[in-house]
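Quick notes on the structure that follows.
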Amino acid sequence: MNRSTLLRLFAGGLAAALLATAGAPAQAQPTGDGGTVRIMINPAGTMGIGPAVIQKYGFDKKHGIHLEVVPYSDQKSATAAIQSGSAEMVVFDWLATARLRAAGTPVVSIAPFLTYVNSVVVAKDSPLKTLADLKGKRVGVAHKTGFDWIIMQAAAQKLYKMDLGKDVEVREGAVPLLRGLIEKGDLDATQMWNSLTPEMLASGRYRSMVSIRELTQQMGLPTVPFLLFSMREDYARQHPGNARAFVAAYQDAVQVLMKDEEVWVEHGARLKLSPESLAFFKTQVRRDLLKQFAPDMTPGLEATLEAVYAVAPEVVVLKTLPPGLLSTAYQ
């Protein structure tokens, strides 16, 4: 084959490749209609990180929406805002969201945030290692009706045949109060929020006996989201582009949180974390951050609901998960 023939063949192949590329549709980014999406969050906790990064980097504008953060002080006020149409989205834990949907307030979860992040904290030199060791001990709990306490009871029953509610001395109180009590030596162990645990670990005087995520894993339950980004179902149906735009913006935010170091400094300042405790906090959140729904998450939530209902039916209330709680239609 001579040189001119080779050149003709090369030119023909290049032209064909260019035509094929030109004919291929570009990968379209999810685009909203330019409207405002109001999201209810509790600013005191970790849940504000995702929306804050979306706003800081303009990911909402990138995808064609305007995200407006609306703080809420308690779940009742946030629920009222969703029911009245004063907000389009809310961040709740999965059990609270399921109760809301089952009670007739149609919300649909369009993205996950974090899996279980809280811990049971003990003094560093404490001999306590498992839930079984808590028998007869003074244990602090944030709420006797809260998920962390219920899953602790379910885990104790399954793993150790132990009735935690009867076998320990329960002290109920606000989490900052519980921290004060264990520092005074009035508690042997206490539940602790993930926003406060890092400061305690960084002090060198405390350690995590077990995390809520570890308890669910020991029970054989799959990883599921604890906190959910949920949207009014009527709004999602009327503005599916906005729902997709939020999910895309959140996924962009996850990429930043997983790779960028500087963005954590701002969140550490907001939560009043020292540099040492911020390192603990960043590592933990990165480990427990969820980017999108997986196929096994709904069955995983159903299995978890069955486990907690068995030990606290009067608190859990729901025996089955309402259908359609998680939606992959927008990711």
field: Of all residues making up the range 239-261, the number that are over 13 Å from D60 (Cβ atoms) and either among the aromatic types (F, W, Y) or in a loop (DSSP other than H, G, I, E, B) (or both)
entry: 3
statement: Within the range 299-331, residues surrounded by fewer than 20 Cβ atoms within 10 Å (Cβ to Cβ) and touching a strand residue (DSSP E or B) at 6+ places or on another chain (Cβ under 7 Å) come out as G324, S327, Q331
- prompt: Would it be correct to say that L178 is within 16 Å of K137 (Cα to Cα) and assigned to a helix (DSSP H, G or I)?
  reply: yes
- line: All-but-one check, Q29 against (1) modelled with pLDDT of 95 or more; (2) part of a loop (DSSP other than H, G, I, E, B), failing number (1)
statement: From the option list V139, V70, single residue qualifying as surrounded by fewer than 21 Cβ atoms within 10 Å (Cβ to Cβ), assigned to a strand (DSSP E or B) and of a type in the set (V, I, T) is V70
field: Matching residues in the range 253-283 - criterion: being of a type in the set (D, E, K, R) and crowded, with 19+ Cβ neighbours inside 10 Å
entry: K282
message: Restricting to the range 199-226, count the residues that are aliphatic (A, V, I, L, M) and in a strand (DSSP E or B).
response: 2
- prompt: Taking T190, is it hydroxyl-bearing (S, T, Y) and surrounded by fewer than 22 Cβ atoms within 10 Å (Cβ to Cβ)?
  reply: no
statement: Across (1) surrounded by fewer than 20 Cβ atoms within 10 Å (Cβ to Cβ); (2) touching a Leu at 6+ places or on another chain (Cβ under 8 Å); (3) not assigned by TED's automatic domain parsing to the domain that holds P71, T145 clears everything bar (2)
message: Any residue that is outside the structural domain of Y160 (by TED's automatic domain parsing), in a loop (DSSP other than H, G, I, E, B) and modelled with pLDDT of 95 or more - is there at least one of those in the range 263-286?
response: no
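The values are calculated or read from the model by the stated rules, or taken from the named source; none is laboratory data. From a predicted model like this one, the values you see are computed outputs, not experimental measurements. Because the Cβ atoms are built from the backbone with ideal geometry, glycine has one as well, and the counts that use them run over all protein chains shown.
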